[in-house]
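Peer 1: My questions will all concern the structure given below.
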């Protein structure tokens, strides 16, 4: 999960890309970067940290030009200190900068091809660099007198042919313009829009519609699965084409559960309304199992679950109360590296209001349960605050399988629901009662917003990987690279310079 943005404007874009990245900060807190172009040059600034920490006034002054792209990174390959911030850049052909959200499932195979056949050297562990080099090679092997849209389309067709998995990307080429493209299944989100100015039309692409809205752009459409949308800054024209093999549109279901902002529209679906529907169906499930529930108060775990909790409380006929105050200077614990850091950050991030817990039968509602770190600590905090009983409801089904399409779900054994029954999970997190959302209800909560989408990427819940190239050997290798112990070793290697 990362956030990407690109703007082709009629005036400098540096501050507008900065502002858009702050709107998308929830999609990645590890690193940030901006690349702009003026004339034939590309200007680049990137580094580890939040957007506000990476850029200073002197950096913004150097990011000149009316075309640019930006990226906030959440690592799914490498580690949090891997210095693989984006955008990435290659100088041939033409000079290309690219930002990528997603994960390639055949990265190892393509990396070998790039070296053995294409003679291209890769300098990082990032699959985004693989994607960039495939695009660059496919563009460079064409006979081109003047770069035109058909050359870009042919290169992206080559990307679809060679790269498997999930990718939403923005790229820019000096003297040409801005490119936005998406994998054949449309797993990771990407949309675009326009703004009319006295000097002409401006174009913007971003991971979520809220970034367009905040920048004053009118939402036009989602980039369709397999589609490439090009904005030629030479004549301010737009070109689009669906490339590759026709596949069922299968957006990531976890975007609606947790990743996207509630004020975004993702693939025609209001994230906010989908979460309201999650609350409706979760409440029905609670009443089906416990019609005489005995709950005194529903308390959401800030912030993502608040919308679903609102509906749960309404249908149960009990009060909704804010029982936890959130420290907004602590990042999202789900995407923090290392179990010890995550556990410590829960207590730093949330503080209970004791009077909302004391002598009450409490139902805590959260968006999902991944490792179990957060909910275990929160349940303990609720008991320490005086709750009589603490029940726990998850607006998502049990997360039992790792994600291979751009979300750093941990190795399978680190998922608390892996190989456990609901009763065993209940005991492990210390709840008096635990209930999950049903998968069919979760899918319906998204589908009701856009009936044209009939399939969703739901592998973390179902174990079904839609690209069809993920087997037990792949998952075993993924587990070896993603467990917390391995990541700690990688961090220490980088810190020690070894």
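The values are calculated or read from the model by the stated rules, or taken from the named source; none is laboratory data. Quick caveat: nothing in here was measured; it's all calculated off a predicted structure. Neighbour counts run over all protein chains shown; Cβ positions are idealised from the backbone, glycine included.
Peer 1: Does the stretch 171-190 hold any residues that are under 15 Å from the mean Cα position of the chain (by Cα) and either modelled with pLDDT under 95 or outside any loop (DSSP other than H, G, I, E, B) (or both), and which are they?
Peer 2: 182
Peer 1: Moving on. From 445, 394, which residue is in the same structural domain as residue 276 (by TED's automatic domain parsing), touching a helix residue (DSSP H, G or I) at 6+ places or on another chain (Cβ under 7 Å) and closer than 18 Å to residue 367 by Cα?
Peer 2: Numbers: 394 fails: touching a helix residue (DSSP H, G or I) at 6+ places or on another chain (Cβ under 7 Å).
Among 445, 394, only 445 is in the same structural domain as residue 276 (by TED's automatic domain parsing), touching a helix residue (DSSP H, G or I) at 6+ places or on another chain (Cβ under 7 Å) and closer than 18 Å to residue 367 by Cα.
Peer 1: Tally time: how many residues in the stretch 277-305 are within 27 Å of residue 205 (Cα to Cα) and in contact (Cβ under 8 Å) with a residue 24 or more places away in the chain?
Peer 2: Residues flagged as within 27 Å of residue 205 (Cα to Cα) and in contact (Cβ under 8 Å) with a residue 24 or more places away in the chain within the stretch 277-305 amount to 1.
Every residue, every condition in (1) surrounded by 23 or more Cβ atoms within 10 Å (Cβ to Cβ); (2) modelled with pLDDT under 95; (3) farther than 20 Å from residue 212 by Cα; (4) not assigned by TED's automatic domain parsing to the domain that holds residue 133, yes or no:
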site: 59; (1), (2), (3), (4): no, no, yes, no
site: 69; (1), (2), (3), (4): yes, no, no, no
site: 77; (1), (2), (3), (4): no, yes, yes, no
site: 99; (1), (2), (3), (4): yes, no, no, no
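Peer 1: Also, I was wondering about something else. On the basis of being farther than 22 Å from residue 311 by Cα, surrounded by fewer than 20 Cβ atoms within 10 Å (Cβ to Cβ), without any contact (Cβ under 8 Å) to a residue 12 or more places away in the chain and in the same structural domain as residue 353 (by TED's automatic domain parsing), does residue 384 make the cut?
Peer 2: It is false that residue 384 is farther than 22 Å from residue 311 by Cα, surrounded by fewer than 20 Cβ atoms within 10 Å (Cβ to Cβ), without any contact (Cβ under 8 Å) to a residue 12 or more places away in the chain and in the same structural domain as residue 353 (by TED's automatic domain parsing).
Peer 1: Does the stretch 112-169 hold any residues that are in contact (Cβ under 8 Å) with a residue 60 or more places away in the chain and either outside the structural domain of residue 90 (by TED's automatic domain parsing) or not in a loop (DSSP other than H, G, I, E, B) (or both), and which are they?
Peer 2: The answer is 149, 152, 153, 156, 157, 160, 161, 165, 166, 167, 168, 169.
Peer 1: Can you name the residue in the stretch 413-438 that is more than 19 Å from residue 282 (Cα to Cα) and more than 23 Å from the chain's Cα centre (by Cα) and, of all such residues, is surrounded by the fewest Cβ atoms within 10 Å (Cβ to Cβ)?
Peer 2: 419
Peer 1: Right, another one. Could you count how many residues in the stretch 253-302 are surrounded by 24 or more Cβ atoms within 10 Å (Cβ to Cβ), touching a strand residue (DSSP E or B) at 6+ places or on another chain (Cβ under 9 Å) and not in a loop (DSSP other than H, G, I, E, B)?
Peer 2: Residues flagged as surrounded by 24 or more Cβ atoms within 10 Å (Cβ to Cβ), touching a strand residue (DSSP E or B) at 6+ places or on another chain (Cβ under 9 Å) and not in a loop (DSSP other than H, G, I, E, B) within the stretch 253-302 amount to 12.
Peer 1: How many residues does the stretch 20-55 hold that are more than 18 Å from the chain's Cα centre (by Cα) and under 23 Å from residue 196 (Cβ atoms)?
Peer 2: Of the residues in that region, 3 qualify.
Peer 1: Only one of (1) surrounded by fewer than 16 Cβ atoms within 10 Å (Cβ to Cβ); (2) more than 16 Å from residue 413 (Cβ to Cβ); (3) at pLDDT 95 or above fails for residue 463. Which number is that?
Peer 2: Residue 463 satisfies all of (1) surrounded by fewer than 16 Cβ atoms within 10 Å (Cβ to Cβ); (2) more than 16 Å from residue 413 (Cβ to Cβ); (3) at pLDDT 95 or above except (2).
Peer 1: Ok, one more. Based on this model, can you work out whether residue 196 counts as in the same structural domain as residue 126 (by TED's automatic domain parsing) and either part of a strand (DSSP E or B) or modelled with pLDDT under 95 (or both)?
Peer 2: yes
Peer 1: Another question, if that's okay. Scan the stretch 86-97 for residues that are under 19 Å from the mean Cα position of the chain (by Cα) and at pLDDT below 95 and jot them down. It would help to see each step written out before you state the result.
Peer 2: Taking the stretch 86-97 as the starting set, the residues that turn out to be under 19 Å from the mean Cα position of the chain (by Cα) are 86-88.
The answer is none; no residue qualifies.
Peer 1: When you scan the stretch 355-387, how many residues do you find that are closer than 25 Å to residue 261 by Cα and not in a helix (DSSP H, G or I)?
Peer 2: The total comes to 10.
Peer 1: Those residues that are crowded, with 22+ Cβ neighbours inside 10 Å and part of a loop (DSSP other than H, G, I, E, B), I need them from the stretch 388-402; list them, please.
Peer 2: 395, 396, 397, 398, 399, 402
Peer 1: With respect to residue 100, is the statement that it is more than 24 Å from residue 477 (Cα to Cα) and not in a loop (DSSP other than H, G, I, E, B) true?
Peer 2: no
Peer 1: Which one is modelled with the highest pLDDT among residues in the stretch 343-354 that are outside any strand (DSSP E or B) and under 22 Å from residue 329 (Cβ atoms)?
Peer 2: 353
Peer 1: Looking at (1) free of Cβ contacts under 8 Å to residues at least 40 places away in the same chain; (2) touching a strand residue (DSSP E or B) at 6+ places or on another chain (Cβ under 8 Å), which is the one condition that is false for residue 64?
Peer 2: So the condition that residue 64 fails would be (1).
Peer 1: If residue 424 meets every condition in (1) without any contact (Cβ under 8 Å) to a residue 60 or more places away in the chain; (2) outside any loop (DSSP other than H, G, I, E, B); (3) more than 25 Å from residue 479 (Cα to Cα) apart from one, which number is that one?
Peer 2: (3)
Residues checked against (1) in contact with a helix residue (DSSP H, G or I) (Cβ under 8 Å, 6 or more places away or on another chain); (2) crowded, with 23+ Cβ neighbours inside 10 Å; (3) part of a loop (DSSP other than H, G, I, E, B):
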| residue | (1), (2), (3) |
| --- | --- |
| 4 | no, yes, no |
| 10 | no, no, yes |
| 20 | yes, yes, no |
| 32 | yes, yes, no |
| 35 | no, yes, no |
| 47 | yes, no, no |
